[in-house]
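Notes follow the structure.
The values are calculated or read from the model by the stated rules, or taken from the named source; none is laboratory data. Here the structure is a predicted model, which is why all the values come from computation and not from measurement. Note that we place each Cβ from the backbone using ideal geometry, even for glycine, and neighbour counts take in every protein chain shown. Remember, those area values only see protein heavy atoms, side chains included, never the ligands or the DNA or RNA. Shrake-Rupley method; radii C 1.70, N 1.55, O 1.52, S 1.80 Å.
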Amino acid sequence: MSRIRIVEEIGSTNSALLSDSQANEGDWLIASRQVAGKGRQGRPWQSIDGNFLGSTIVEVRPGDPTAPALTLVAGLALIEAVEVAAPGAPLSLKWPNDLMLADAKLAGILLERSGGRVVVGFGVNLAGAPQIEGRKTAALKPLAEIAAEAFCPLLAARFAQILAMWRTADPAQFAQAWMARAHPVGTALSVHNAPGDLVSGTFDGIESDGALRLRRDGMIDIIRSGDVLLR
C-alpha cells in the first residue's frame, strides 16, 4: 500500500526518498520547504511557500521500457494533474522535464536512479514563481488556487495510472502521447549539452526512449540529455 508522507522541512525530497530503504513504489514524500533542493545539472531549486515539492519512487522491473523514458510518464502525469487543478490553462510539455504555462516555466521534473530504484521529483509553482536567470517563470496562482496537500493526491493518482500504461503500451505510441502535449514539431530550439556547448535547430519529435530529435542543416541529431530553450 502506497504512503503519502508530508514533512515541514527537508534537505531534498529526492535524496531522502532514494535513501529510504523502507520506501516502496508508489510512496510519496512531500515537503513544505526544501533547504537543499536541486534541479537539473545540480542547480539549486528555490522553495517558495505554497509550492509543491515532492518525490515518488519507481521500482524498475524486468521487461519495463528503458528507465529514462520515465520522464515521459512524469510529464504526462504532471500536465494532467495541473489540468484538473486549472481547467483551460495553456499548458504544454517541453523536453526533457519542464511543464510550461504559455511561454513560461511552471514546473520541473528531476529523475535520479540508484540500482533498480528511480526517484521522480516534482517542483510545481502553485503559489509563486522563483527567479531563474535567463528563463521566464510562472505560477498557477491566480489562475487557480490549490494547496500542495490537495495537489499531491491528484498527481499521485495520475502518475500511478500512467505508469501502468507505460509498462504495457507500445513505446512508440507512448512517446506519441507525450508528443501530443508538447510544443509543435518545427519549434526553434537551442540545446545546452554541456557548459559552453550550444546547438540550435528545430524540434523534430522524440524517440521511443524519450530522446530528443533535433533537426539542423537537414540532419537529425539524437540528444539524450541537455537543457532546452525555446526560441
Could you check how many residues of region 211-227 are buried (at least 17 other Cβ atoms within 10 Å of the Cβ), touching a residue at least 12 places away in the same chain (Cβ under 8 Å) and assigned to a strand (DSSP E or B)? 4
Taking region 127-162 as the search range and keeping residues that are in a loop (DSSP other than H, G, I, E, B) and in contact with an Asp or Glu (Cβ under 8 Å, 6 or more places away or on another chain), which one is most open to solvent (accessible area, probe 1.4 Å)? K136
From the list S190, S208, pick out the single residue that is under 28 Å from E80 (Cα atoms), in contact with a helix residue (DSSP H, G or I) (Cβ under 6 Å, 6 or more places away or on another chain), in contact (Cβ under 8 Å) with a residue 40 or more places away in the chain and surrounded by fewer than 17 Cβ atoms within 10 Å (Cβ to Cβ). S208
When region 163-186 is examined, which residues are found to be basic (K, R) and assigned to a helix (DSSP H, G or I)? R167
Examine region 4-17 for a residue that is of a type in the set (K, R) and modelled with pLDDT under 90, and state whether such a residue exists. no
Can you confirm whether region 82-101 contains a residue that is among the β-branched types (V, I, T), open to solvent by 20 Å² or more (accessible area, probe 1.4 Å) and closer than 18 Å to A156 by Cβ? yes
Give the number of residues within region 109-125 that are crowded, with 21+ Cβ neighbours inside 10 Å and among the small types (G, A, S). 2
